[in-house]
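Only one structure is covered here, and it is reproduced in the block below.
No lab work stands behind these numbers, since they all come straight from the coordinates. Treat the numbers as computed from the prediction; the structure is a model and nothing was measured. Neighbour counts are summed over all protein chains in view; Cβ atoms, including those assigned to glycine, are modelled from backbone coordinates with ideal geometry.
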Amino acid sequence: GGSEGQQPPRKKSLTGKKGLLQWVQQNARKHVKTPIRNFTSDWSDGRVLAAILHQNGAQSFEIVKINTRSDTTRLEIALAAAEDEFDVPRLLDVEDFVMPVIEEDILVYASELFERIEQKNIAKRAQQQGTSPADTKQITNEANIKLLAEGSNEADGDHHDNHDHDHDDDDDDDDD
């Protein structure tokens, strides 16, 4: 049988570890020259986190400057930026990224990062399309947008002409 690999879906992780790693690689590759292969040692200098934030429009640091700082300073700045600019809860501190790292901790943090950043990106796109930010709060993924769009066409069947029922009540006034 080949079913050993089937694990029950993890609670609240939108994507598996592999998918999350791909997202990290896509978002960080512009500014991280070394390959990113894990959720442990590759995160320990803060470059990955800083690159992801920068790629998604973080304003509170400059990527060139932050990469000349020490690892702990870089981590400190990046964690603060994630919290301030993307509402990523600060589940970890600088020490948690320094080896030896507990992979599960970084994974949880990374998936939180993924969710907040993607949510913000969706909100940004909706804004460019002229939807008000209030609407986008409930929209956590693109699929919802499509559903909403499809659902709205169904109300059209209801407008029938109201002129079918013209009651001629005018003539009957002289019954006393």
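Here are some notes:
- Between SER60 and ASN38, the distance separating the two model label sites (each 7 Å from Cα on the Cα→Cβ line) works out to 2.9 nm.
- Couplings 3J(HN,Hα) of region 75-82, computed from phi: 4, 4, 5, 5, 4, 5, 5, 4 Hz, in residue order, whole Hz [Karplus 6.51 cos²θ - 1.76 cosθ + 1.60, θ = phi - 60°; x for Gly and Pro].
- Dipole-positive endmost among GLY46, VAL32, THR73 within region 20-81 (Cβ charges, Cα centre): VAL32
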